[in-house]
Every structure is written in C-alpha cells, then in structure tokens.
Amino acid sequence: MGIAKLGMKMAANDVVANHENETRDKRSSDGSVKVICLGDSAVGKSKLVERFLMDGYKPQQLSTYALTLFQYKTRVDGTDVRVDFWDTAGQERFSSMHPSYYHQAHSCLLVFDITRKVTYKNLAKWYKELREYRENIPCIVIANKIDVDYTMTQKSFNFPKKHGLPFYFVSASDGTNVVKAFREAIKLAVKYKENSTDFMDEVLRELENFDDMNLNQDGYDSSDKKSSEDEEKT
C-alpha cells in the first residue's frame, strides 16, 4: 500500500473511531440500533440505503474515506426506534474495515452485484471479517442490480444457504424488495439488541443498568466527607 493510501486509511480509521466513541453511549441508552452495510465497492450499498429512505433520511458525510451515516426513525412492534445505517463510503477499497465500524452493530446487510461475479466470491471475505468482530449479529445477504438481468433470480446462490442467512434479490434502481429486506434488517437488529448474549453486549447492558440507577455522586462524596470528619474528631 502506498504512503498516500496508508495515510488516507489512517485518517479514515481516526474519524470512524472518534465518531463511534461519541455515539456509542447514546445508542446504548436510547431506543436505537446500528445497521451496517458490507460488500465490495460499487455494489450499490449507498443507493440501496437511499432507495429505502427516499426523502426521509438525513445523510451525514463524516469523511470521504470513512463512512456515511444515515439516520432514520421508525416504529417496531409499537416502539419508537432510531436506526443508524452505516455505509462504508469507499473505505472497503482498502480491503478491510476499521474495527470501530463493526462496534456495537446490531445487524448487517451483506451486498453483492449480480453483474460482477467477483463481488459474490468476496462475500466470504467480508463475512469472515464480520464474524471476527460481531460473532452473532443477524446478517442478510443482498443480491443487487437484478433489474439489469432478471433471469439471475432463477439462479441458486449457495453462500446464504451454506451459512443459513436470509437472502433477497433486490434492485436499488426500481426498488424491488428493498423495503422488505431493510425492514427485516431493522426488526432483526431490534430483536438482537433485546436478546443478545454476546459478552460485550452483556457488559454494555450492565453499564446501562448502572447508569439508570442514577447514583448521586455528591451524596457519596458527602458521606465520605462526613466519615472523614468523624474520624478526625475521634
């Protein structure tokens, strides 16, 4: 990797890490979930998100080489939920994602382009990396650009079957199955967050419970101060 590309990747890593540090506490304490998009460059990840959200989204370009964050509000089983869709925004060109991209993700959309066989072959690489950081989160496989050749929907793809993953043929261009796939990703994310058994998620839930106790630090300080004063008197 050239010096210029290495510098850009380091800058991207810093942006992703800093943004995740700023938002993870808020995500832990409110009714929000994080859905990440994975796959090779130019498979249509951003277009899929934009197609799903249409005019009801607020894209935030955090860095040309880091990520684009799309925020969306919806209701799941009568509960208000804020969804943070994370898109790679070109970072996947470096062949791997910064660990912070995966941190506290609740579901994943794994996308390939049916017109480029290599993007399908590379699903295994992306899936392996996903499981290194988020072992148990739900993952949905998306076959995009079926509008180019609808006969591809008659073919069988072994990867999602092999890993037991939900699979959708979609088109960001004409909207086929986009809403259906994204709604499932959101529902799976909410369900995962509520029932996760991942160690780090359990730690985060314990921290949330601790925060909810709303301990009065001043009270403890006052008690400690009083105890110290009593000890001095004796």
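Here are the numbers for the structure shown:
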{"quantity": "Among Phe85, Ile137, Val43 - extreme Cα towards positive end, dipole of region 32-197, charges at beta-carbon", "calculated": "Ile137"}
{"quantity": "Probe 1.4 Å, protein heavy atoms only - accessible area per residue of region 32-197 in square angstrom", "calculated": "45"}
{"quantity": "Under-5 Å amide H pairs with Ser32, H placed in peptide plane, nonlocal only", "calculated": "Arg82"}
{"quantity": "Stretch gain in nm, segment Lys191-Asn136, where the contour uses 0.36 nm per residue and the Cα spacing is subtracted", "calculated": "18.6 nm"}
{"quantity": "Per-residue SASA entry for Lys162, accessible area with 1.4 Å probe, Å² rounded to 10", "calculated": "150"}
{"quantity": "Protein accessible area in region 32-197, 1.4 Å probe - carbon and sulfur %", "calculated": "48"}
{"quantity": "Gln154-Lys180 FRET efficiency (beta carbon distance; Förster radius 25 Å; 0.05 resolution)", "calculated": "0.85"}
{"quantity": "Label point 7 Å beyond Cα of Ser96 along Cβ direction - residues of region 130-147 with amide nitrogen under 20 Å", "calculated": "130-136"}
{"quantity": "Point-charge dipole on Cβ atoms (K/R +1, D/E -1) for region 32-197, about Cα centre, debye to 20", "calculated": "300"}
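The values are calculated or read from the model by the stated rules, or taken from the named source; none is laboratory data. Bear in mind the structure is a predicted one, so any value in this text is a computation, not a measurement. Positions of Cβ are generated from backbone atoms using ideal geometry, with glycine treated the same way; all protein chains shown enter the neighbour counts. Keep in mind that these areas ignore ligands, DNA and RNA; they rest on the heavy atoms of the full protein, side chains included. Shrake-Rupley method; radii C 1.70, N 1.55, O 1.52, S 1.80 Å.
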